[in-house]
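A quick write-up on the structure given underneath.
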Amino acid sequence: MTARIIDGKKIAQQLRAELAREVAGLHAGGMHLGLDVILVGSDPASEIYVRNKVHACNEAGITSNVHHLPADTTQNDLLALIQRLNSDYMVDGILVQLPLPRHINEVEVIAAISPRKDVDGFHETNIGRLMIGDRIFAPCTPFGIMKLLEVIGIEVEGKHAVVVGAGNVGKPIAIMLMQDRATVTVCHSHTVDLPQHTRQGDILVVAVGRPRMITADMVKPGAVVIDVGINRLPDGQVCGDVDFDGVRKVASWITPVPGGVGPMTIAMLMRNTVDSAKRAAKNDT
């Protein structure tokens, strides 16, 4: 068996093209759409992520503004900027690029964003509404994973999904899989006999940040494997949390790294921004 590749880049491009057509229609109706991104400091990876998001906005017809603040920006100044953007009717989405400098409390900053403009889906209100099945925005990476499964025709209902990682991706994707009626096992750094659990997964989602930790002997034959990890090796090579070459011989579907989940995250950020603008136009909470 050789797994089929889930081409997240191609699927994301299709979704972004559909969004561009939708946005063009909204513009024709007089609607403005805007995403403001806040970047504090000069982290090279964060700067790349922000450039990619701005490019996606431009491609979709969404106005994007980047607020690039110095690394020594105070938390109070950052919170003041967020409050100003919360009150600006021209801003539909606010995204604070993480990580922030160590002197700034990320939890307090995310909590300051209006839940109606939290297109990243990390605000406690939005996470809570996701938990009870009444979501405003889903976090973009889990949202993108669910869309990938939908596009390739994977029926989640009745499947056993195993999620490795209990962080900002693992917990929300576990909730979303349960809401689609999968039976879900969540594993983490303290899980005893991890392979025993991963071998049970019809769907295996891995988001731990450890290069190639999931090997072929840890995967159920025919499983759908979603690799969220992005790791840079000492030689500069980028790889995921899954041993792609080995696992591909066992799985039925697998995401590559890069080109799998990553492009979907930005596509779903655009989706959330469009939905925010439409909701604001209807004054819908």
Single condition ASP284 does not satisfy, out of (1) modelled with pLDDT of 95 or more; (2) surrounded by fewer than 24 Cβ atoms within 10 Å (Cβ to Cβ); (3) not β-branched (Val, Ile, Thr) = (1)
In the range 231-282, which residues are farther than 27 Å from ILE214 by Cβ and in a loop (DSSP other than H, G, I, E, B)?
-> LYS282
Positions within the range 153-212 being surrounded by 18 or more Cβ atoms within 10 Å (Cβ to Cβ), on the phi > 0 side of the Ramachandran plot and basic (Lys, Arg), in sequence order | ARG212
Does ASP92 qualify as being under 19 Å from the mean Cα position of the chain (by Cα), closer than 22 Å to PRO115 by Cα and acidic (Asp, Glu)?
-> yes
Out of (1) without any contact (Cβ under 8 Å) to a residue 60 or more places away in the chain; (2) buried (at least 21 other Cβ atoms within 10 Å of the Cβ), the one THR265 does not meet is (1)
Residues located in the range 187-208, provided they are over 17 Å from GLY158 (Cα atoms) and in contact (Cβ under 8 Å) with a residue 40 or more places away in the chain | VAL206, ALA207, VAL208
Residues of the range 114-152 being crowded, with 17+ Cβ neighbours inside 10 Å, touching a strand residue (DSSP E or B) at 6+ places or on another chain (Cβ under 7 Å) and of a type in the set (Val, Ile, Thr), in sequence order, are VAL119, ILE145
Among residues of the range 145-186, those that are under 12 Å from VAL205 (Cα atoms), in contact (Cβ under 8 Å) with a residue 60 or more places away in the chain and not hydrophobic (A, V, I, L, M, F, W, C), counted | 1
Applying the selection to the range 131-146, what residues are under 15 Å from MET178 (Cα atoms) and either within 14 Å of the chain's Cα centre (by Cα) or not in a helix (DSSP H, G or I) (or both)?
-> ILE132, GLY133, ASP134, ARG135, ALA138, PRO142, PHE143, ILE145, MET146
If GLY259 satisfies every condition in (1) over 16 Å from the mean Cα position of the chain (by Cα); (2) within 30 Å of PRO44 (Cβ to Cβ); (3) among the small types (Gly, Ala, Ser) but one, which is the exception?
-> (1)
Unmet criterion (only one of (1) modelled with pLDDT of 95 or more; (2) over 16 Å from MET270 (Cβ atoms)) for GLY29 | (1)
Would you be able to say whether some residue in the range 150-157 is assigned by TED's automatic domain parsing to the domain that holds THR183, in contact with a Lys or Arg (Cβ under 6 Å, 6 or more places away or on another chain) and among the acidic types (Asp, Glu)?
-> yes
Does LYS220 qualify as being among the basic types (Lys, Arg) and in contact (Cβ under 8 Å) with a residue 60 or more places away in the chain?
-> no
Scan of the range 47-58 for residues that are farther than 11 Å from ALA267 by Cα and surrounded by 15 or more Cβ atoms within 10 Å (Cβ to Cβ), ordered by number | GLU47, TYR49, VAL50, VAL54
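The values are calculated or read from the model by the stated rules, or taken from the named source; none is laboratory data. All figures in this text were calculated on a predicted structure; none of them were measured in a lab. All Cβ positions, even for glycine, are placed from backbone atoms using ideal geometry, and neighbour counts span all protein chains on display.
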